[in-house]
Amino acid sequence: MDMNMPTGQDMPMYNNTNNMMMMMMRMSFYWGKDATVLFSGWPNHSVGMYILAIFFVFFLAFTAEVLSMQPLIKRGTSPFLGGFIQTCVFFFRISFTYLLMLAVMSFNGGIFIAAVVGHSLGFFIAKTRALAIANREYKGSSSNTNSI
């Protein structure tokens, strides 16, 4: 146990003004527009900016989940080009996922809910699309075997 940490406190208290932000960081979920999401001073205690932050987190989660499905690469594509495309998609997906992790670490309830709903809706869209493609391929392959 750290000797500088007072009992009953989440984080150590420092007299240094550079560590003032560490003192103010919340360590449990809370509700309200007074959050810091990703960048210092954003959403800046503004309801409009807080709503924008919620939509931004929702969009990040939705996009990360949609990108989690393998990109459709046509047969005959060169391995280098296919690997490059998949690497680019992975780069953006993992970048969005890490940004989401940092946003959720604001411990704001609205931001957390936006991330969970965004992931859920993105998962639903991605899986629905994958199922539609699989069904279309299945119908195409079954019609080819019947005509032989």
Task: Within the stretch 20-57, tally of residues that are open to solvent by 60 Å² or more (accessible area, probe 1.4 Å), modelled with pLDDT of 80 or more and assigned to a helix (DSSP H, G or I) - done: 6
Task: From 107, 91, 123, 96, residue being under 30 Å from residue 29 (Cβ atoms) and open to solvent by 80 Å² or more (accessible area, probe 1.4 Å) - done: 123
Open item on the list: Looking at the stretch 85-103, I want the residues that are more than 15 Å from residue 57 (Cα to Cα) and have a partner that is surrounded by 13 or more Cβ atoms within 10 Å (Cβ to Cβ) and of a type in the set (A, V, I, L, M) with Cβ atoms under 9 Å, at least 6 apart or on another chain. Which pairs are those?
Closed with: 85/73; 86/73; 89/67; 90/67
TODO: With the condition kept exactly as written, say whether any residue in the stretch 66-76 is of a type in the set (Lys, Arg) and not in a loop (DSSP other than H, G, I, E, B).
DONE: no
TODO: Would you be able to tell me the number of residues in the stretch 58-78 that are in contact with a Leu (Cβ under 9 Å, 6 or more places away or on another chain), open to solvent by 50 Å² or more (accessible area, probe 1.4 Å) and modelled with pLDDT under 95?
DONE: 1
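The values are calculated or read from the model by the stated rules, or taken from the named source; none is laboratory data. Keep in mind the model is a prediction, meaning the values are calculated, not measured. Virtual Cβ from ideal backbone geometry, glycine too; neighbours counted across all protein chains shown. These accessible areas exclude ligands, DNA and RNA; they are computed on the full protein's heavy atoms, side chains included. Shrake-Rupley method; radii C 1.70, N 1.55, O 1.52, S 1.80 Å.
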